[in-house]
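Engineer: A single structure is presented below for examination.
Taken together, the values in this text are just the output of simple stated rules run on the coordinates, not laboratory data. In this text the structure is predicted, and so the values were computed from the model without any measurement. Don't worry about glycine lacking a Cβ; one is built from the backbone with ideal geometry, like all the others, and counts go over all protein chains shown.
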């Protein structure tokens, strides 16, 4: 999953980022309102951890922009503001949860898992698409009941395509989703092509390679063949 951490406290930002990376997530950071606004205008995220007291603005004012342009993105407000009015206002503006500082990272992790389940996968533990079954919690994929042996990146690619099934995804979007701020053009694309090549081989072995279509010069599409 890809996270944007909007937090101006350096130590807390580093702690959250370190924890999420240990959980195999990708993180990007913004320490100001303007920086967060810029990232939200140019990139997409699975979940945003949003502080309210930013040095150049109120994080609450970012919520309408997030809800307008990133409808499927989960938002958890992480704030020292603990009044009922602040919590109600944040949730009314579209936040999915509100976590009061200070907190333990284990609580943050539990909140994230609950919100992501609700937001991205509704309350289901799995998702079916043609011959594929995705087990979200266990990060497993089955094809006609048989487990597909995937690396972490291969699973991330396939899950991202599944979540955007029947839509064309550019190579830039796919690479940026996988590596975030650490994306380095040709370097990342070479790795992306290598992961896709290996993924195709595994799909071909199971007889479902036609689900992953390449639209040359455009991008990739995950769809049921002949639909």
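Engineer: Just check the range 18-113 against the gyration tensor rule for me: Cα atoms, a ≥ b ≥ c as the square roots of the eigenvalues, rounded for a/c under 1.5, and otherwise prolate or oblate depending on whether a/b exceeds b/c. Walk me through the numbers on the way to the answer.
Structural biologist: Numbers: a/c = 1.40, a/b = 1.03, b/c = 1.36.
Taking the square roots of the gyration eigenvalues as a ≥ b ≥ c, the range 18-113 is rounded.
Engineer: Please work out the ratio of the alpha-carbon Rg of the range 126-222 to 2.2 N^0.38 Å and round it to two decimals. Write down the numbers at each step before the final one.
Structural biologist: On the way: Rg = 12.9 Å, N = 97, 2.2 N^0.38 = 12.5 Å.
This ratio for the range 126-222 stands at 1.03.
Engineer: Residues of the range 69-92 with backbone nitrogen within less than 12 Å of a virtual label 7 Å along the Cα-to-Cβ line of residue 23, please, listed as ranges.
Structural biologist: Inside the label zone: 76.
Engineer: Taking the DSSP beta bridges in the range 2-121 as the whole, what percent of them are antiparallel, to the nearest 5? Show your work: numbers first, answer last.
Structural biologist: Working: 2 of 19 bridges.
So the antiparallel bridges in the range 2-121 amount to around 10 percent.
Engineer: Each label point is 7 Å from the Cα along the Cα-to-Cβ direction; what then is the distance between the points at residue 125 and residue 100, in nm?
Structural biologist: Label-label distance for residue 125 and residue 100, simple model: 3.3 nm.
Engineer: I would also like to ask the following. Using a Gaussian network for the chain with springs between C-alpha atoms less than 10 Å apart, which of these wobbles most: 216, 193, 160?
Structural biologist: Highest fluctuation of the listed residues: 216.
Engineer: Among rounded, prolate and oblate, which fits the range 57-104 when a ≥ b ≥ c are the square roots of the eigenvalues of its C-alpha gyration tensor, a/c under 1.5 means rounded, and a/b larger than b/c means prolate?
Structural biologist: Numbers: a/c = 2.01, a/b = 1.63, b/c = 1.23.
It comes out prolate by the Cα gyration axes.
Engineer: Label points 7 Å out from Cα along the Cβ direction at residue 215 and residue 32: separation in nm?
Structural biologist: 3.8
Engineer: Hey, another quick one. Can you tell which of 155, 45, 18 shows the greatest fluctuation in a Gaussian network model of the chain with Cα springs below 10 Å?
Structural biologist: Highest fluctuation among the options: 18.
Engineer: Compare 75, 105, 115 in a GNM of the chain, Cα atoms joined below 10 Å, and give the one with the largest fluctuation.
Structural biologist: Answer for the Gaussian network model of the chain: 105.
Engineer: So what is the relative contact order of the chain, in percent, for Cα pairs below 8 Å that sit 6 or more residues apart?
Structural biologist: Working: 309 pairs, mean separation 31.4, N = 227.
Dividing the mean separation by the residue count of the chain yields 14 percent.
Engineer: While we're on this one: Which value in nm describes the separation of the simple spin-label points at residue 144 and residue 107, placed 7 Å from the Cα toward the beta carbon?
Structural biologist: 4.9
Engineer: Report the relative contact order of the range 2-121, percent, no decimals, based on alpha-carbon pairs under 8 angstrom and at least 6 residues apart.
Structural biologist: Values: 177 pairs, mean separation 26.8, N = 120.
With pairs under 8 Å counted, the relative contact order is 22 percent.
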